[in-house]
Amino acid sequence: MSTLSVDHLLGIKDLTADDIQLIFETADHFKEVINRPIKKVPSLRDITIANLFFENSTRTKLSFEIAQKRLSADVINFSASQSSVKKGETLIDTVNNILSMKVDMVVMRHPKPGAADFLQQHVNARIINAGDGAHEHPTQALLDSYSIREKLGTVKGKKVVIVGDILHSRVALSNIFALQLLGAKVMVCGPKSLIPKYIDALGVDVETNLQKALQWCDVANMLRVQNERMLVSYFPSIREYTQQYGLTKTILDGLDQEIVIMHPGPINRGVEITSEVADSKNAIILDQVENGVAIRMAVTYLLASKIKT
Ligand code: CP
């Protein structure tokens, strides 16, 4: 049986192209399972998973929980805002207390970059990074590439532009790594102030003009402006950002080719994308969410398989 080359999912940076293919093939199977009348398999009946969310989440938190329940794992959910973290307990003490209750795997979202890697070095459990600050969001990138593969048949050779706040985005970084591993051509587009200075080292093209970027691409992944990670303003006003980088139907209609529109959510309708575009036939935003369950089932299943061996 094929296995992943890693024992934890901390970032796409640690994966190989073969790992991603294995995750996709496993997700294909689970996608078929979750569309059956009985959506559950007994694969992880003996596994207990803790979901630790130190930062807000809708899609990631719920889809991990659904994925784990579809695999018949036992699940406990931890929200930092209602925990003893508020009384000063450290991350390691918190997790070790949870692990004492015989937990096998931890899914963690944390506002600090590197938190998942730190945890993996200090506790004895499989760790899945559900987003660590502006660093990585590996399962989002996997479900994004999986959704492109589903829509266009392959990721290899496709031109994908990631638009918006690249500087503060863990989705952008993980997507760049995943898309490049799978052979896509990647461009980032946004105001210069929101493009990281190290971008050249990532081997992507950079474009500040949205029309030119969209004219080039097969797929546009529209990102939210991450106001919660900004200590200063990076552009004059939201209205001016929207005028330059907001995706409208008029812009889409003016392109020479049809493109696929993606968004990791949460969407700020009327800022980076209009409702008309977000709800259009070009958009696969809800397909991304559906695929998130299959991808998270696949990742959880493949890492849990390594616990038993
Ligand atoms: N895409 C994503 O990570 O959404 P949530 O913050 O709602 O989990």
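Output ³J(HN,Hα) for the stretch 274-288: one whole-Hz value per residue in order, computed from phi by the Karplus curve 6.51 cos²θ - 1.76 cosθ + 1.60 with θ = phi - 60°, and x for Gly and Pro.
7, 4, 4, 6, 4, 9, 7, 5, 6, 7, 10, 5, 6, 5, 4
Run the numbers for Arg269 and Ile76: contour at 0.36 nm per residue of separation, minus the present Cα-Cα distance, in nm.
That works out to 66.2 nm of additional length.
What ranking, highest mean first, results for peptides 234-241, 65-72 when packing means the other Cβ atoms within 10 Å averaged over each residue? Please list the in-between numbers first.
Working: 234-241: 13.9, 65-72: 20.6.
Per-residue mean Cβ counts within 10 Å order the peptides as 65-72, 234-241.
Give the percent of DSSP beta bridges with both residues in the chain that are antiparallel, rounded to the nearest 5.
Numbers: 1 of 36 bridges.
Within the chain, antiparallel bridges account for around 5 percent of the total.
So what is the relative contact order for the stretch 138-284, in percent, with contacts set as C-alpha pairs under 8 Å and at least six apart?
Numbers: 242 pairs, mean separation 35.4, N = 147.
Worked out over the stretch 138-284, it gives 24 percent.
Note down the relative contact order for the chain as a percent, whole number, built from C-alpha pairs under 8 angstrom at least six residues apart. Don't skip to the end; give the middle numbers.
Details: 554 pairs, mean separation 62.7, N = 309.
It comes to 20 percent, rounded to a whole number.
Note down the nm distance, to one decimal, between modelled labels 7 Å out along Cα→Cβ at Asn97 and at Met230.
According to this spin-label approximation, the distance is 3.7 nm.
So, R0 is 30 Å and r is the distance between the beta-carbons of Ser5 and Leu62; what FRET efficiency does that work out to, to 0.05?
Numbers: r = 29 Å, r/R0 = 0.95.
Result of the calculation: an efficiency of 0.55.
Using 0.36 nm times the number of residues separating Gln215 and Leu202, minus their current alpha carbon distance, what extension gain do you get? Working shown, then result.
Details: separation 13, 0.36 × 13 = 4.68 nm, distance 2.21 nm.
Extra length available between Gln215 and Leu202 comes to 2.5 nm.
Does the stretch 181-299 come out rounded, prolate or oblate by the C-alpha gyration tensor, with a ≥ b ≥ c the root eigenvalues, rounded set by a/c under 1.5 and, if not, prolate when a/b is larger than b/c and oblate if not? It would help to have the intermediate numbers written out before the result.
Numbers: a/c = 1.26, a/b = 1.15, b/c = 1.10.
Rounded, because the longest to shortest axis ratio a/c is under 1.5.
Assuming 0.890 mPa s and 25 °C, estimate D for the chain with Stokes-Einstein, Rh taken as the Kirkwood radius over Cα pairs, in µm²/s.
Answer, rounded: 123 µm²/s.
Just to confirm my numbers, what's the Cα centroid distance between the stretch 88-145 and the stretch 20-41 in Å?
24
In this model, which of Lys112/Lys159; Lys158/Lys197; Lys151/Lys185 are farther than 21 Å apart at the alpha-carbon?
Flagged as over cut-off: Lys112/Lys159; Lys158/Lys197.
What ranking do 157-169, 215-227 get when scored by the average of other Cβ atoms within 10 Å per residue, highest first?
On the way: 157-169: 23.5, 215-227: 21.5.
Ranking the peptides 157-169, 215-227 by packing returns 157-169, 215-227.
Could you tell me the calculated FRET efficiency between Ile238 and Ile38, based on Cβ-Cβ distance and R0 = 51 angstrom, to the nearest 0.05? The partial results should precede the final answer.
Details: r = 46 Å, r/R0 = 0.91.
Result of the calculation: an efficiency of 0.65.
At 7 Å along the Cα-to-beta-carbon direction for both Asn124 and Lys281, put a label point, then send me their distance in nm to one decimal.
Label-label distance for Asn124 and Lys281, simple model: 5.7 nm.
Mind giving me the FRET efficiency for Ala17 and Lys306? R0 is 22 Å, r the Cβ-Cβ distance, nearest 0.05 is fine.
Numbers: r = 19 Å, r/R0 = 0.88.
With a Förster radius of 22 Å, E is 0.70.
Show the residues, 5+ positions off or on another chain, whose built amide H is closer than 5 Å to the amide H of Val123.
For Val123, whose amide H was placed from the backbone, there are no distant partners under 5 Å.
Can you order the peptides 146-155, 197-206 by their average number of other Cβ atoms within 10 Å per residue, highest first?
On the way: 146-155: 18.6, 197-206: 12.2.
Highest to lowest by the protection proxy: 146-155, 197-206.
We did not get these values from a lab; they are worked out from the coordinates using the rules stated. It should be emphasised that the depicted structure is a prediction, and the values quoted were computed from it without experimental measurement. Methodologically, a virtual Cβ is constructed for each residue, glycine included, from the backbone with ideal geometry; neighbour enumeration extends over all protein chains shown.
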